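A.B. asks: Next up is a structure, given as C-alpha cells.
The values are calculated or read from the model by the stated rules, or taken from the named source; none is laboratory data. Since this is a predicted model, take the numbers as computed values, not measurements. Glycine gets a Cβ as well: all are built from the backbone with ideal geometry, and neighbour counts include every protein chain shown.
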Amino acid sequence: MREESLLSLEALDPKKQLAFALLIFERMLPSLKAFSKDTGFDGACYLQARDAAWAALENSVAGRASGKALSQTCLRMAPDTEKFSHDLTSFALNAALAMSDIAEFMLDYRVDHIADISTLARDSVYLYLGSLDLSVATPPDEDSKIASHPLMRQEENLEEEDIRFLSDLPDDFNKTVISALKERARNQAPLFPLAH
C-alpha cells in the first residue's frame, strides 16, 4: 500500500478496517470461485469465513470467537500451486490467503493483516498483467508498464476510494450501514476480467 493510504487506514476503527478488507476480498473472490468451479476445489470454507467476517461487523464478539478456527482452516485448505496447474491457481491462493488474514485480523486487530490483503490483491493484478502481452520491449521496463497500467491504477484508486467511503461512515455499524457496505461489495467488478 502507499504510505499515505496505510496511514489513512490506520486511522479507521477496527470495524472499518475489517470492512475495507472485505471489500478487497470480494474483488478477489470471483477468481477463487472460477478456480473452484473449473477444478472441483472445495472453496466452501472461504465462503463460510467471508460470511463470518460480515457477521462480525454486526457482532465483533462472534467474529473473534470464530477467527482462529477459520484462519487455520483457510490456511490448511489453500490451493497448492504444486498440485494445481490451472491458470487461476495463484489468484485463488491469494484470495485464500487474504481470507486467512481477515480471520487473523478478527482475532488481533493488527492493521498489518489488512495491508497484507491489499498487497495480495495488487500482486494478483500484477500477475494477471504480467501474463498479458503489454508490448514490453525489455524486461526491466515491465514493472513500470504494469505499475502504470489502467487495471493496476484502478485497484489502487478503488482502495483509496474505499478508505474515503469508510471514513465517512458512522462508527456505529447498524443494519443500514452494513447494507450499504454489502451493496458496495456487490456492485464492484472483480480484480481483473475472467475469461468465463
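A.B. asks: Hey, does the stretch 76-89 have a residue that's over 17 Å from the mean Cα position of the chain (by Cα), closer than 14 Å to ALA21 by Cβ and without any contact (Cβ under 8 Å) to a residue 24 or more places away in the chain?
C.D. replies: no
A.B. asks: Follow-up question, since we're still on this one. Can you pull out the residues in the stretch 167-185 that are of a type outside the set (Gly, Ala, Ser), in contact (Cβ under 8 Å) with a residue 12 or more places away in the chain and not in a loop (DSSP other than H, G, I, E, B)? Steps first, answer last, please.
C.D. replies: Narrowing the stretch 167-185 to residues of a type outside the set (Gly, Ala, Ser): 168-178, 181-184.
Imposing the further condition that a residue be in contact (Cβ under 8 Å) with a residue 12 or more places away in the chain reduces the set to 169, 171, 173, 175, 178, 181-182, 184.
Across the stretch 167-185, the qualifying residues are LYS175, ILE178, LEU181, LYS182, ARG184.
A.B. asks: OK, next. Just checking, how many residues over the stretch 150-191 are under 17 Å from the mean Cα position of the chain (by Cα) and aromatic (Phe, Trp, Tyr)?
C.D. replies: Going through the stretch 150-191 one residue at a time, the tally reaches 1.
A.B. asks: Looking at the structure I just gave you, is ASP116 outside any helix (DSSP H, G or I), surrounded by fewer than 22 Cβ atoms within 10 Å (Cβ to Cβ) and of a type outside the set (A, V, I, L, M)?
C.D. replies: The answer is no for ASP116.
A.B. asks: Please work out which one of (1) at pLDDT 95 or above; (2) more than 12 Å from the chain's Cα centre (by Cα); (3) among the small types (Gly, Ala, Ser) is the condition GLY63 fails and give its number.
C.D. replies: Of (1) at pLDDT 95 or above; (2) more than 12 Å from the chain's Cα centre (by Cα); (3) among the small types (Gly, Ala, Ser), only one is false for GLY63: (1).
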